[in-house]
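Notes for the one structure printed next.
The values are calculated or read from the model by the stated rules, or taken from the named source; none is laboratory data. Treat the numbers as computed from the prediction; the structure is a model and nothing was measured. Note that we place each Cβ from the backbone using ideal geometry, even for glycine, and neighbour counts take in every protein chain shown. In case anyone asks, the SASA skips ligands and DNA or RNA and just uses the protein heavy atoms, side chains included. Shrake-Rupley method; radii C 1.70, N 1.55, O 1.52, S 1.80 Å.
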Amino acid sequence: MTYMTQTLTEPRAGLAARLKLALAIFALLAVVPPLAHAMGEPFMIIIATRMMVFAIAALSLDLILGHGAMVSFGHAAYLGFGSYAVAILSRAGISDLVLQMVAAVLASALFALVTGAISLRTRGVYFIMITLAFGQMAYFFFVSFSALGGDDGVALAARSTVLGLPLLQGETGLFYVTLGLLIAAFAGLYLLTRSRFGRVLTGTRESALRMQAIGFRPLPYQLTAYVISAAICGVAGVLLANQAVYVSPAYMSWHRSGEMIVMLVLGGVGSLTGAMTGALVTVALEEGLARFSEHWRLGFGLILVLVALLSPGGLSGLLRKFNLLRDDK
Amino acid sequence: MFNLFLLQLLNGAQFGILLFLVAAGLTLVFGIMDFINLAHGVLYMVGGYVMAMMMGTTGNFWLSLTLVLPVMLVLGLALEVLVFRRLYDRSHLDQVLATFGLILVLSELVKILWGSAPLSVPMPEALSGSIALAGPMRYPVYRIAVIGVGLAVALALWFVIARTRVGMLLRAGAANRAMVSALGTDINRLFMLVFAAGAMLAGFAGAIVSPILSVDPGMGDSILILTFVVIVIGGVGSVKGAFFAALLVGIVDTLGRMFGPILLKALMDPAAAAQAGRTIAPMLVYILMAAVLFWRPTGLFGRSVAR
Amino acid sequence: MTDALLQVRNLRKTYGALKVTNDVSLDVHEGEIHAIIGPNGAGKTTLISQLSGQLRPDSGTVIYTGQDITALDMAARVRMGLARSFQLTTLLPSFTVLENVAVAVQAREGSSFRFFRPASTERALNDQAMECLNDVGLSGTASRLAGALSHGEKRQLELAIALATRPRLLLLDEPLAGTGHEEAAQLVDLFGRLKSRVTMMLIEHDMNAVFALADRVSVLVYGEIAACGTPDAVRNDAKVRAAYLGEEEVA
Ligand SMILES: Nc1ncnc2c1ncn2[C@@H]1O[C@H](COP(=O)(O)OP(=O)(O)OP(=O)(O)O)[C@@H](O)[C@H]1O
Ligand SMILES: [Mg+2]
C-alpha cells in the first residue's frame, strides 16, 4: 500500500506546532457561544456545532485513511448508524445520550468489523470501491426503511437527554458537549497514533512488506483501526442527529463519504490537526458560500479543483509552503 | 410470467449496455493511468444536456446525436489538458479532491444553464414503434436499437483493442503500467486519447438514453456508482470484463427489482416480502460486487496480484 | 551428524517458461556462514524470498529446526528466528532510524495492542534498538528520518532492523551492495563477530568478502545449484570457473 505515501508522509518535526495549533483551535471554539450572543448572531453557534461534528468524523477517518492508508469511500455509513441509533432508541423511549452513544458505537463497530474483514482482502482502487459498495448497502437499507421515513428521513421528537437532564435542548449546551467530545476524540487519537499500536499502523502504511519481515501480520491492526474509526464516527452521527433534530439516509450517501475525504485532503492527511482544520474550513466554506449565492457549489468546486492542482498536501501543504507551520522542535 | 421475464431481461440488457458505454472509458482510466476519476458520471449527464440542447436548436435527432460526439470529445480533451494531466502522478487522494470538485462545478453549471427541472428529448419517428415479442408482448424498437448500438460499439472497441497498435499499448498498459511508462513520450498522447474517447462514449450514452429517461442534473450520480461496480466486478482496466460485468449488473439489478419481491413472497407473508424486497433489491448489485471481490479480490478479469 | 538448521528439499518455482528455482536442495548448518553466489538473474533473491515466506514455491519443502515451514507466512517464520534483509532497501521512510529498529524490537517484545502510552518513551525498546544501531555503526544517525539517509546508510539500517528481530538464521541479500569501502569493511567485520551467535546465509557479489567469511559456498546458475563445497573447493571447480568466476575475472 505504498501507493500514496507521497502525500502521506507527514514531517514529524512540526509535532509541537501541531499540538499548539490544536489547542488554539479548541480555545477559539470555546469562546464562540459568548461571542455569538454578544454579537447577536446565535446562528453562529449552530454552524460551529456542525463544524465540530464533522471535525470528529474527519478525525476518525484520518485514523484509517491518513495513518493506515486505507482510503474508505463509505465512511458516511457510520454517521448514519449513529443518527439512526438516536432515532430508533428515542422512538423506543430511550432518550439518554450515553445509552444512544453506546448503541451507535456497537452498531458501527459491528458493521465495520464484518465489512472491514472483507474489504481488507483487497487493495488500492478495489479497497476504495468495496468500501463504497458497503456504504451504498447501508444507504439503501435505510432508504427502504419505511418505518423511519424511508428516503425522506424522520424528525426527532426532541434532543437526547443526559442522565435525565435536558442538557442538549439549548444550542449552547449541545455546543459544549460537542466541543468536549471533539477534544476527547483528538486527544485519544493523538495518543493512539503515537502508541505501539499506532506505530504498527503507520508502519504498515509506509511498507507492509517491511512490517511482515519483522514479524507483524498487518490485518489485525488494520481491522482494529477500522473498527475504532467507525465507532468514533458513530458518535459523530449521534451528535449530528441531535444537532439537526432530524435523521435521513442523506447523511450516509456517497456524496457525504466523498465530502469527508475532501475535508481530509483539504486539510492535509495523517496529522489529525489537518483533518480537524479541513472539516472546520469545509463546513464554514459551505455555509458561508451558501449565504452568498444559491450556486455556491460552483465556487466551492472550483476551490477544490484549484487546491488539488496547486497545493499537494492541502492547506497544511500550503501553510508549509509559506513557512507558516514551522517546526520548532 | 415467462414473457415478463423476457421483457425484463431485455430491459436489463439495455441498461447493462448503457453501463458498458460509460464504464468502457473509465475502466481504462483507472487501469492504465491508475487515476480515480469521480467526474465520469457528470460527462454522461453533460452528454444528455448537450443532446437536449441540440434537439432544441436543430430539431433533428440524428444531427443532434452526431453533434454530441465532437462536443464531448472537445470537452474531454479540454478537461484532460486543464485538469487531469496535472494529476496523473499525484496520489489517489488529490485525484478524488479534484474530480469531486469537478462534479460540483459541472453539475452547478448545468443547473445555471438549463435549470434543475428535468428535460425530455423526443424519440425519433423511425424508432418510436414497437415490435412483437413472443405472444402478445411487444418491445420498443428504440430500446432494441440502443442494445444494437451498444453491441456495435463493443465490437468496435474489441477490434481497436485486439487488432491495432493503440490497442496493443492499451493491453500492455492494463497488464503492466510500468511498461507503458517505459514507452516514453507516446504515453501522453495515449492518455489524452483514452480520456477523450472515454468522455465521448459516456456523453454518447447520456445522449442516447435521453429519449427513454429524462435528462436531469442527478443522472450522472446514480450511474457513476453503478459504473464503479461494473468496473470493479469486471476487473480494473479490462474492457472485456467491463462488458460482461455491465450486462451482469444491468440484468441483476433489473430482474432483482422485479422478481425479488415475487420470489420472497413464496417464502414469507406478502407484507414482509414487499418490505424485504424493497430493501434488498437496490442492495443486490453491491452484494454481488462484495461477493465477487471476496472470491476474486481483483475482479473477474483483473490481473491478480502476485503473492 | 545432527540435522541441519535449514534443509531445503527439491524447491521449484517457475515464472512462465522461466525456471527461476530449479530443483534446489541445500543445507545450512547451525553456526556456519553459507554463501550463495551466482551471476545476475540466477534466482538468488527468488530463492531467499521462498525461504523467508514472501513467495510460495511451486513445489518442494523448507525445513527449519526440524519443522516443515513451507506453508508458514513471513511473520511466523520471523518469530521462529528466520529473518532476512532485502536487496532492494525496504524501510519505513517517514520513521526515524531509531524507530525503524525499535518497531522490530516491539514486534517480539510484548503486545502491540497497546493504545495510549507513546511508544517512543519506552526505554526497553529504544535501548535494544540503539544496541543494534551500534552494531552496524549507525548510532550517530538515530534521530534522522530513514528516508533521508544515504544509500550506504540505508543498507546498514536494513541490517540493523534484521538484527533487531534476534534472528537465529539470517538470510542476507547482498548486504554490501551500495556501501562504501569503509562501511563494507565494517560490515564484514560485523558478520565475523556475529558468526558465534547467528547462522547466516549470505548472498554476495563481493568475492573477497565471500571467501573471507564463508564456511561453505553454493553456486547458483540458472536456478540450479551448480556446485557446493568449501570456498577452496568451489574456487577450483572447473564448472564454476566457466559458469561464473571466469566471467567475473574477465569483467
Ligand atoms: N515476479 C517475477 N515475474 C517474472 N520473472 C521474475 C519475477 N521475479 C524475478 N523474475 C526473474 O527471475 C530471474 C531471477 O531473479 P532474481 O531476482 O531471483 O535473480 P538474482 O539472482 O537475485 O539476481 P541479482 O544478482 O541481479 O540480484 C530473473 O531473470 C528475473 O527477471
Ligand atoms: Mg537478487
Relative contact order of chain A, pairs being alpha-carbon contacts under 8 Å that are 6 or more residues apart, as %: 34
J(HN,Hα) series, the range B:257-269, from Karplus relation 6.51 cos²θ - 1.76 cosθ + 1.60, nearest Hz, glycine and proline x: 5, 7, 9, x, x, 4, 5, 5, 4, 5, 9, 9, 6
Of every Cα-Cα pair in the range A:28-80, the percent that sits beyond 19 Å: 43
Residues with amide H under 5 Å from that of residue C:205, placed H, sequence gap 5 or more: none
Rounded to whole Hz, the Karplus (6.51, -1.76, 1.60) HN-Hα couplings of the range C:107-117, x for glycine and proline: 4, 10, 10, x, 6, 9, 8, 10, 10, 10, 6
Normalised contact order of the range C:90-165, rounded percent, pairs of Cα under 8 Å and 6 or more residues apart: 51
Convex hull volume of chain C per residue (C-alpha atoms, cubic angstrom): 141
Ellipticity estimate at 222 nm from DSSP helix runs (n ≥ 4, -39,500 (n - 2.57)) divided over chain C, nearest 500: -10000 deg cm²/dmol
Two-site FRET efficiency, residue B:265 against residue B:152, from Cβ-Cβ distance with R₀ of 45 Å, rounded to 0.05: 0.70
Dipole moment magnitude, nearest 20 debye, the protein assembly as shown about Cα centre, only Lys, Arg, Asp, Glu C-beta charged: 760
Point-charge dipole on Cβ atoms (K/R +1, D/E -1) for chain B, about Cα centre, debye to 20: 700
Stokes-Einstein D (µm²/s) once Rh is taken as the Kirkwood radius of the range C:90-165 over alpha-carbon pairs, at 37 °C in 0.692 mPa s: 270
Sequence ranges C:200-207, A:142-149, C:156-163, A:37-44, ranked by mean other-Cβ count within 10 angstrom, highest first: C:156-163, C:200-207, A:142-149, A:37-44
Phi to ³J(HN,Hα) by Karplus 6.51 cos²θ - 1.76 cosθ + 1.60 over the range B:134-148, Hz, x for Gly, Pro: 3, x, x, 6, 10, 9, x, 4, 4, 5, 4, 4, 4, 4, x
In nm, spacing of pseudo-spin labels at residue C:196 and residue A:310 (7 Å Cα→C-beta vector): 6.5
More than 36 Å apart - percent of Cα-Cα pairs taken over the protein assembly as shown: 55
Taking chain B and dividing mean pair separation by its residue count, relative contact order in percent (alpha carbons under 8 Å, at least six apart): 35
Accessible surface, per residue, of the range A:44-252 when the full set of protein chains is kept, probe 1.4 Å, Å²: 28
Restraint check, B:240/C:13; C:44/C:239; C:13/C:44, Cα-Cα greater than 22 Å: B:240/C:13
Cα gyration tensor shape for the range A:1-155, rounded if a/c is under 1.5, else prolate or oblate: oblate
Average accessible surface area per residue within chain B, 1.4 Å rolling probe, Å²: 41
R0 of 60 Å, Cβ-Cβ distance residue B:213-residue C:123: FRET efficiency to nearest 0.05: 0.35
Protein accessible surface hidden between B and A, which excludes ligands and nucleic acids, total in Å², probe 1.4 Å: 4400
Net charge, residue B:280 excluded, C-beta distance under 15 Å - Lys, Arg +1, Asp, Glu -1: +2
Amide H within-cut-off set for residue C:226, under 5 Å, with H built and near neighbours excluded: C:219, C:220, C:221
Computed magnitude of the charge dipole of chain A (debye, nearest 20; Cβ of K, R +1, Cβ of D, E -1): 1120
Cα Rg over Rh - chain A, Kirkwood: 0.96
Spatially proximal lysines relative to residue A:20 (Cα-Cα < 18 Å; intrachain offsets below 8 disregarded): A:329
Rounded if a/c under 1.5, otherwise prolate or oblate - the range A:197-321, Cα gyration tensor axes: oblate
DSSP-assigned coil residues among chymotrypsin sites (Phe, Trp or Tyr not before Pro) in the range A:106-140, each with at most 10 further Cβ atoms within 10 Å: none
Calculated [θ] (222 nm, deg cm²/dmol) that DSSP helices of n ≥ 4 give over chain B, each run adding -39,500 (n - 2.57): -25000 deg cm²/dmol
Dipole axis of the protein assembly as shown (+1 Lys, Arg; -1 Asp, Glu on Cβ), positive-most option in C:21, A:110, B:215: B:215
Translational D in µm²/s for the range B:105-183 (Stokes-Einstein at 25 °C, 0.890 mPa s, Kirkwood Rh from C-alpha pairs): 143
Shape of the range B:167-307, Cα gyration tensor, a/c cut at 1.5: oblate
Order by protection proxy (mean Cβ within 10 Å, highest first), peptides A:119-125, A:208-214: A:208-214, A:119-125
Alpha-carbon centroid distance for the pair the range C:88-139 / the range A:245-292, whole angstrom: 36
Furthest towards positive pole of dipole, C:180, B:107, A:215, structure part the protein assembly as shown, Cβ charges: B:107
Calculated FRET value between residue C:224 and residue B:85, using beta carbons and R₀ = 30 Å, to 0.05: 0.05
Helical mean residue ellipticity (222 nm; -39500 (n - 2.57) per DSSP H run of 4+; nearest 500) of chain A: -23500 deg cm²/dmol
Carbon and sulfur %, accessible surface of the protein assembly as shown computed with the full protein complex present, 1.4 Å: 65
